[in-house]
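Here is the structure we will look at, set down as C-alpha cells.
The values are calculated or read from the model by the stated rules, or taken from the named source; none is laboratory data. A quick note: this is a predicted structure, and the numbers were derived from the prediction, not measured. Cβ placement follows ideal geometry from the backbone for every residue including glycine, while neighbour counts extend to all protein chains displayed.
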Amino acid sequence: VIDFHQTVEVNGIRFWCYTAGHVLGAAMFMVDIAGVRVLYTGDYSREEDRHLRAAETPQFSPDVCIIESTYGVQHHQPRHTREKRFTDVIHSTISQGGRVLIPAYALGRAQELLLILDEYWANHPELHNIPIYYA
C-alpha cells in the first residue's frame with residue numbers, strides 16, 4: 001500500500017503516485033529506475049469534476065510516459081455544453097410525462113451525474129416534486 005506523494009524504494013527503484021482524476025482512488029505512478037523516470041497511468045482527467053480533483057501534474061517531467069489512450073485524440077465538447085444537453089433531455093422528457101433511466105458506471109460517473117441533477121433540481125423549483133432514485 002502506498003499513499004499519494006509517498007516515495008517508496010524497493011531494490012533501488014523508487015516510485016510514488018499522484019491523483020489521476022479519473023475515479024475515486026485512481027493513481028498515476030512515477031517510477032525512477034537509475035535516474036530514468038517513467039510515468040504510468042491508466043485513464044486520467046485534467047478536468048475537475050464535482051466530486052474529484054483533476055489529475056495532478058507531476059513535479060518531475062518523465063522521460064517516458066505509458067498512458068491509456070482510448071480518447072487520446074478526441075476533442076470533447078465543453079463540460080457546460082454536455083451538461084446542458086444532458087439536463088435539457090431529462091427536463092424535456094419529464095415535462096412530457098416521461099421517465100428517465102440512466103445507466104451509468106457505479107464508480108464515479110454515477111456520483112457525478114447525481115451531483116449534476118441535484119444542482120439542476122435545486123435551480124428548477126418545478127422539478128422539486130419529481131423524485132430521483134438511485135441504487
Where HIS22 falls short, out of the listed (1) within 22 Å of the chain's Cα centre (by Cα); (2) surrounded by 12 or more Cβ atoms within 10 Å (Cβ to Cβ); (3) within 29 Å of ALA135 (Cβ to Cβ); (4) without any contact (Cβ under 8 Å) to a residue 24 or more places away in the chain: (4)
Filtered residues of the range 25-49 (kept if surrounded by fewer than 11 Cβ atoms within 10 Å (Cβ to Cβ) and either modelled with pLDDT of 90 or more or in contact with a His (Cβ under 8 Å, 6 or more places away or on another chain) (or both)): ALA34, GLY35, VAL36
Whichever residue in the range 112-135 is touching a residue at least 60 places away in the same chain (Cβ under 8 Å) and surrounded by 14 or more Cβ atoms within 10 Å (Cβ to Cβ) and, among such residues, is farthest from ASP43 (Cα to Cα): ILE116
Selected residue (criterion: modelled with the lowest pLDDT) from residues of the range 95-118 that are part of a helix (DSSP H, G or I) and either in contact with a Leu (Cβ under 7 Å, 6 or more places away or on another chain) or closer than 15 Å to LEU52 by Cβ (or both): ARG109
Residue in the range 103-111 that is hydroxyl-bearing (Ser, Thr, Tyr), under 18 Å from the mean Cα position of the chain (by Cα), under 24 Å from TYR133 (Cα atoms) and surrounded by fewer than 15 Cβ atoms within 10 Å (Cβ to Cβ) present: yes
Candidate set: the range 7-19, residues that are free of Cβ contacts under 8 Å to residues at least 24 places away in the same chain and of a type in the set (Val, Ile, Thr); chosen: the one surrounded by the fewest Cβ atoms within 10 Å (Cβ to Cβ): VAL10
Flag for LEU52 being surrounded by 12 or more Cβ atoms within 10 Å (Cβ to Cβ), modelled with pLDDT under 90 and outside the structural domain of LEU115 (by the TED database): yes
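Assigned to a loop (DSSP other than H, G, I, E, B) and charged (D, E, K, R): does that describe ARG37?
no
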